[in-house]
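Okay, so here's the structure we're looking at.
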Amino acid sequence: MSPKKPFFWVLVAVIAVFLVPVLTNNVSLRESLLLAAIYIILTSNLNLMIGFTGYVNFGNIVFFGLGGYIGLYLVTAGGLPLVAAAALAGAAVGAIALVLGLGILRLRGAYFALATIGIVEAIQAFVANFEPWGGATGLYLSFQAYQALGGPREALWTVYLLLVAVMGLSLFLCYAVKNSRFGLALFAIREDEDTAAVLGVRTPLYKATAYSLSGILPAMAGALFFFKQGVIQPEQAFDLTLSTEAIVMLMLGGQGTVTGAALGAFLYEQFRGILLTSTVFSSFQLVIAGALLLVTVLFMPGGLMGWLHRRWPRLRKVLE
Amino acid sequence: MIKPHRWIIAGVMAAVWLVVPVSPVAAADVLTIGFTNSETGALNVDSIGQLNGFKLWRDQVNANGGVHAGSKSYQVNLVTYDDQSKPDRVQQLYGRLILQDNADFLFSPYSSGLTATAAIISEQYGKIMITTGASEDKTYQLGNKYLYEMYTPASAYLTGALDALKTVNPKARIAMAYADDAFAKAVATATRVYAKAIGMDLVFDEAYAPNTTDFGPLINKIISAKADALIGGGHYADGATLARQVYDHKAPLDFVSLLVAPDSPKFATLGEAATNVTAPSQWAPQATFKPDFGPDPKAFGDAYRTAYGSEPSYHAAGGYAAGLILQHAIEQAGTLDQDQVAAKLDQTNIEIFYGHVQFFTDPGRHGLQAGHSMVIVQWQKKGGQLVKEVIWPKAGATAPLAYPLR
Amino acid sequence: MIVSRSQHNTNNKLVFRPDGEDHPSESEHEPERRFMLGLFASMLDGVLVGAVYGLAASGLTLIWGVMDVINLTHGAMVTMGMFGVYLLFTETGLNPYAALVPVAALGFVAGVVVYWTAVHRVVGRPPLMSLLTTFAVNLMVIGTGTILWSTSPYNVDVNLPGFSLGDYTFTGNHLLAALAALIIAGGLSLFLGRTRLGKAIRAVAGNRMAAELMGIPSSQVLARAFGIGIALAALAGALIATLFPFTVLSGGSYELKSFVVTVLGGLGNPTGALAGGILLGLMEGGLTPFITVSWIPVIEFALFVAVLIAFPHGLFARRPRR
């Protein structure tokens, strides 16, 4: 990718926004953008499956949660530094996803969606019983763990910057896949899997690769995020609601587009943050999210980006 | 032709404007204490008492001229949000309390699990947090500097029940069924060791998911184990359900002691299913402590009844006591400086209406409660009414243990 | 972690303990007899509750079979059934079992409304669309419910006398709930087989185009089938509310149970759902004495995924599908 490509500038602009709290030393802005970064990571990687390959994965959160558990376990029990633990978590989850994918991707359409829900529940229930990972009470980080990164204050900034890097990688991955032969094969699977297979696309391998790829960066994000939280528990790590919310964000922004996924996640986080402190409004959040999703799917299936692209076709070249 | 770069710059600026929050204006001479409580969710019954305790303390302090630190007097301002009994919300909200609401000090949420997650945030930002309604020991063993625990640690919760049971039936076959959460698990671990030490027979020992609503399978297993006594539970929602279903299934038990749930005045609404059920309690209104600071137990009980129209639970007493201990330390320090107040909290060694309060200060268990001790209460039928009596320790008992259960 | 019966001497998580010391009067075979009775009680309890799960799943699977839509409002509608019976019972004093009738009627109406607003336009489109529209409705219903009732637990306070086998007691609530589930499932089967609308529903399920050519107004039929599916979910919710305490979010976990039952009984097969529910109940009850209770969901969901991969048409599938 070179500076001549518009996407390069989009990426630079997005990262610039996320560096604002660093320059202004604004901690509460950092906290808000940290969540936005997590949402963008989840949504962009989900896009590889839903937007590009056409497979509805309700279990995207499994990657995030497993990554968090593996990462935190490596830090607490293995004494690994954070970056190494996050990288290993990404690699491990990518490998697990490849094996799992070869199994469940034999299913199509709604059957696949159901199976992914089953996987979230099975893994959550398993981890809740798995004593090395603390069972239902989860894993706790010692307060001293932050000393390795120069005390909690410094550690939180480091984690934030690492997460922004993972977010940048996620956006780049989306872009790179979209503009590759591999991406073309995925689109063919999305449009008509049987025809794609007849035309020589090795569908099982390609699907499993996409599934595995979509797991690596969320797993790294999980390791970083739960290190920051200092605790990981099964119900938070494998939260089916967050998984489905990521689908909502993707649909709002526009599935199949790189910037749409990011935009949907960013707007959704801002909207959520406003409603966080009120009980009544946090329930309205569900009602409003539901209404938005319903209207989007029924009347604007391309999401925000799809609408923008239709309104200004030239944007297609700029905001992929 | 559209120039993409200009659009992008405009977009960036708009986004920055969107996300930069407006900072609130801080008023002078106000002491802000932040915490979350569980207005909704599985812990709401337990959490209400604690919130009432905080509020009663605030009202009484403010009516008496506020907290005096050096030459200044501070009016207490409580800032609170609903955590919906969920850990992920707790962390976000404690971050907000510190960063946006500029809380000077923190109280803990209700329950060990939520407090453990809040403690990470309070330690990350170096804020003092007085914890109440949170007794699991592990949180205090992770190397904290600013946590102070009002409750007697979890390890002591069911040991009294075993002692009491031993006096009436030393050969009792005991079933332990407990919620798979931080608090109940810590209690169970200590209880298992204690049962062995005093030679009591644990014939069944199993955890259940905290959100369990169908205890049928578990109760059948307890019956199959031919248990005479049931100890365990977790918090209000699961404990009350367990007590009710034990009754509905007519389980042949002589003794039932459950954590937390039976202490709540609401437990009496279970009627027959509540009769003669016992619970460990941090405090009972019949207590006779002679306070060095703050109201005596009777004055607290009367004020609470006037304010809320019900008996104070131990959660309520713990909430009020948390405020009192913080107030005492601030007034001793004469400043709101975190480290100076923490130094005074480390030195705390006083008796209040709630009992003796003192904290461990060695690094391995900083902030653990060292002074307080527990009692056991039992719902007994007196003239058709359910009354909560203190039955253990014998020295402070208001009635003898009613045994067997039915 | 998993405790089997044979390990009982070395592990404290006992199923039973054959000890003669404390109870010297017992015969040698007493522990075995007691164990068998405990196992039987556990399985019977499982079957009673499983029948209700089966009823819930029959609603889900009916909608799936007729219009190829996985109805993600299912859990929300189970919740609505719970609160329906709770409100009728506490506000009007109506007997919870009599309240089943208005709950079913309201469920049907709600189902028809949901069909025309969220489902009609996406029938026959890619599965993502109907998954998302029904999920959107689910969010709205749960959000509204949370505003009204928060996420705190509720309880329908009704206690019917049951019967006892030795020390094991089966409450009247369980017996009546299972009985009601069987009657309703039987009614559903009769309805689908014997009535005009029932036959029309099966015709549309079999081949919508052909049914349309035969003069069946297929959209109307689909709307009613959706209404019936929701009514079944609400009825199951109402029955569950007489057994266990519940919150606004409880429906979600019963929805997951319904998925498991549906896959065991065969997607799109309403009578298979009842069999699937009872099978699941038997399995849960049969496993309970041997393992720690919290491992059961692990086995359940692992089995769910395995069955889905190995037999995507269900264990009792009659017709092959894609």
- Item | Ranking of C:HIS74, B:HIS366, C:HIS120 by count of other Cβ atoms within 10 Å, fewest first | C:HIS120, B:HIS366, C:HIS74
- Shielding of C:167-174 by other chains, given as the mean Cβ count within 10 Å, works out to 5
- Item | Hz values of 3J(HN,Hα) by residue in the stretch C:189-206 - Karplus curve (6.51, -1.76, 1.60), Gly and Pro given as x | 4, 4, 4, 5, x, 10, 8, 4, 4, x, 5, 4, 4, 5, 5, 5, 4, x
- Item | Relative packing of peptides B:187-195, A:9-17 - highest average C-beta neighbours within 10 Å first | B:187-195, A:9-17
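Relative contact order for chain C: what is it in percent, counting Cα pairs under 8 Å that are at least 6 residues apart?
In percent, rounded to a whole number, it is 37.
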- Query: Peptides C:286-297, C:183-194: what's the order by average Cβ count within 10 Å, highest mean first?
  - Reply: C:286-297, C:183-194
- Shielding of A:135-147 by partners, i.e. mean partner chain Cβ atoms within 10 Å per residue? 5
- Rough spin-label spacing in nm, given labels placed 7 Å along Cα→Cβ, for B:ASN64 and C:THR117: 5.5 nm
- Task: Can you tell me the relative contact order of chain A? Whole percent, Cα pairs under 8 Å, sequence separation 6 or more.
- Result: 32 percent
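If packing is taken as the average count of other Cβ atoms within 10 Å, what order do C:151-163, A:155-167 fall into, highest mean first?
A:155-167, C:151-163
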- Item | Residue-by-residue Karplus 3J(HN,Hα) for the stretch A:112-120, coefficients 6.51, -1.76, 1.60, Hz, glycine and proline x | 5, 4, 4, 4, 5, 5, x, 5, 4
- Item | Estimated [θ] at 222 nm from DSSP helical runs (n ≥ 4, -39500 (n - 2.57)) normalised by residues in chain C, nearest 500 | -22000 deg cm²/dmol
- Query: Can you give the helix-only mean residue ellipticity at 222 nm for chain B, where every DSSP H stretch with n ≥ 4 adds -39500 (n - 2.57) and the sum goes over all residues, rounded to the nearest 500 deg cm²/dmol?
  - Reply: -12000 deg cm²/dmol
- Placing each pseudo-label 7 Å from Cα in the direction of the beta carbon, B:ARG305 and C:GLN220 end up separated by a distance in nanometres of 6.9 nm
- Note on the structure: Residues whose modelled amide H sits under 5 Å from the amide H of B:ILE350, counting only those 5 or more places away in sequence or on another chain, are B:VAL357
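Could you work out the Kirkwood radius for the stretch A:6-318, taking every pair of different alpha carbons, averaging 1/r and inverting it, reported in Å?
Details: mean 1/r = 0.0503 Å⁻¹.
Evaluated over the stretch A:6-318, this radius sits at 19.9 Å.
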- Message: List the lysines whose Cα sits under 25 Å from the Cα of A:LYS5, skipping any in the same chain fewer than 8 residues away.
- Response: A:LYS178, A:LYS317, B:LYS3
- Message: Taking θ = phi - 60°, what integer Hz values does the Karplus form 6.51 cos²θ - 1.76 cosθ + 1.60 yield along the stretch A:197-206, in sequence order, with x for Gly and Pro?
- Response: 5, 4, 7, x, 7, 7, 4, x, 5, 5
- Query: Cross-link partners among aspartates and glutamates for B:LYS394, C-alpha distance below 15 Å, same-chain residues fewer than 8 apart left out?
  - Reply: B:ASP163
- When the dipole is taken about the Cα centre of the stretch A:6-318, and only Lys, Arg (+1) and Asp, Glu (-1) are charged at their Cβ, what size is it in debye, to the nearest 20? 940 debye
- For the A:ALA84, A:THR241 Cβ pair and Förster radius 25 Å, calculated FRET efficiency rounded to 0.05 is 0.20
- Item | Long-range HN-HN contacts of B:VAL256 with modeled amide H, under 5 Å | B:LEU230, B:THR278
- Item | Relative contact order, percent, the stretch B:350-406 [alpha-carbon distance under 8 Å, six or more residues apart] | 19 percent
- Query: Over all residues in C:235-248, what is the mean tally of Cβ atoms on other chains that come within 10 Å of each residue's Cβ?
  - Reply: 2
- Message: Could you give the length gained by full extension between C:GLU212 and C:LEU179, i.e. 0.36 nm per residue of separation minus their alpha carbon distance, to one decimal place?
- Response: 8.1 nm
- Task: Report, in whole Å, the centroid distance computed from the Cα atoms of the stretch C:42-91 and the stretch A:147-195.
- Result: 40 Å
- Message: Beyond a 26 Å Cα-Cα separation, which of these cross-linked pairs lie in this structure: B:LYS86/B:LYS127; B:LYS196/B:LYS250; B:LYS86/B:LYS388; B:LYS344/B:LYS388?
- Response: B:LYS196/B:LYS250; B:LYS86/B:LYS388; B:LYS344/B:LYS388
- Message: Restricting to DSSP H runs of at least four residues, report the calculated mean residue ellipticity at 222 nm for chain A, -39500 (n - 2.57) per run over all residues, nearest 500 deg cm²/dmol.
- Response: -25000 deg cm²/dmol
- P(r) weight above 14 Å for the stretch C:143-189, C-alpha pairs, percent: 68 percent
- Query: Roughly how many nanometres apart are two label points built 7 Å out from the Cα toward the Cβ at C:LEU87 and C:PHE191?
  - Reply: 2.2 nm
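Quick check of the Kirkwood formula: for the stretch A:1-137, what is the inverse mean of 1/r over all pairs of different Cα atoms, in Å?
It is 17.5 Å.
Throughout, read-outs are computed from the coordinates displayed, never taken from laboratory work. Note that the structure is predicted; figures quoted are calculated from it, not measured. Here the Cβ is made from the backbone with ideal geometry for all residues, glycine too, and neighbour counts use every protein chain on show.
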